[in-house]
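This report concerns only the one structure given below.
The values are calculated or read from the model by the stated rules, or taken from the named source; none is laboratory data. In this text, all values refer to a predicted model and were calculated from it rather than measured experimentally. Ideal geometry is used to build each Cβ from the backbone, glycine not excepted, and the neighbour counts take in all protein chains shown.
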Amino acid sequence: MIDIYERTKRFLWEITKFLGLVISVAILVSLLFGPNVPFFGGVLQNVQSVIELLGSEGLGLIIAIIIILSVWNSKLN
């Protein structure tokens, strides 16, 4: 039972890392080539709207980034 749990946890962690890379590439492509790029074009607007939802002062964004980075770093160590 523990083996299934560990394999599922590892699988989900690998998918999370992969999706993080996909989002990073999508933001980079959208920044470089503008909003008219197929598939990647609307990513920057979506990320901007999420950042605006977190707060105009950016405090929510800073807290979210700190939490994400602490989880990310704890998995790497």
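Side notes on the structure shown:
- Residue-level check: of (1) at pLDDT 75 or above; (2) among the basic types (Lys, Arg); (3) more than 11 Å from the chain's Cα centre (by Cα), residue 17 misses just (3).
- Residue check, residue 30 exposed (fewer than 13 other Cβ atoms within 10 Å of the Cβ) and either assigned to a helix (DSSP H, G or I) or in contact with a Pro (Cβ under 6 Å, 6 or more places away or on another chain) (or both): no
- Single unsatisfied condition, residue 7 versus (1) in a helix (DSSP H, G or I); (2) surrounded by 11 or more Cβ atoms within 10 Å (Cβ to Cβ): (2)
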